[in-house]
Amino acid sequence: MGHARDGPPPASSAPSLACQNSRHGRYRALAWLGAAALALGLAGCASGPTARMPQPADLAPMPLSSRLSDEQAQQVTLAALGLVGTPYRYGGNTPEGGFDCSGLIGYVFRTQTGLVPPRTVAALDGWGQPVDLAQLRTGDLVLFGNGGPPSHAGIYVGEGRFVHAPSSGGQVRLERLDARHWARQRISGRRP
């Protein structure tokens, strides 16, 4: 009868020496690959062109694209100005029947460009692209609110002015963005 050391180790004992050598070889290979990758990465950092810090000219805002040509934006502006004096009517969307603010926008864009904007001010807030107020161009939309979603909108016609159909006052009119009532509101711009 042999000693306990003479046969294969019991199933519950430590892994065999061959298994330990195999595992050690894998660790050694992974360590070598990691060191090689690190060396290549450092070599790449040490050579080639040096990075430069972005300059203010590099950070200038990109021009916004628009579905409107410059000519169409001018047509929108002239059409909006031509509707000044048209009566206000809640839900109105024609010169004969009167306009509310989104009805005015819808009529002008539909007749001058073929675009059909959303019918509500809340939906107009997602139409087109946001535009900084300092970069408004004629034909852009201006939206007004008091902290929540916008509740009123108009068409920007240049020089800090916009055309809109306010419920108070009874007719489509031309006003300035910096007028006391509008300047107190949160104003945002949208470019169709």
* Structure fact -> Condition set within 20 Å of ARG161 (Cβ to Cβ) and without any contact (Cβ under 8 Å) to a residue 24 or more places away in the chain, scope the range 72-106, selection most open to solvent (accessible area, probe 1.4 Å): answer is LEU78
* **Total residues in the range 139-151, condition surrounded by fewer than 20 Cβ atoms within 10 Å (Cβ to Cβ) and modelled with pLDDT of 95 or more** => 2
* Report yes if some residue within the range 69-80 is within 32 Å of the chain's Cα centre (by Cα), closer than 19 Å to ALA153 by Cβ, in a loop (DSSP other than H, G, I, E, B) and at pLDDT 65 or above; otherwise report no. => no
* Do you know which residues across the range 107-135 are crowded, with 17+ Cβ neighbours inside 10 Å, in a loop (DSSP other than H, G, I, E, B) and within 16 Å of the chain's Cα centre (by Cα)? -> ASP125, TRP127, GLY128
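The values are calculated or read from the model by the stated rules, or taken from the named source; none is laboratory data. Everything numeric here is computed off the predicted structure, so don't read it as measured data. Heads up, the Cβs are rebuilt from the backbone with ideal geometry, glycines too, and the neighbour counts pull from every protein chain shown. The area values use the complete protein model at the heavy-atom level, side chains included, leaving out ligands, DNA and RNA. Shrake-Rupley method; radii C 1.70, N 1.55, O 1.52, S 1.80 Å.
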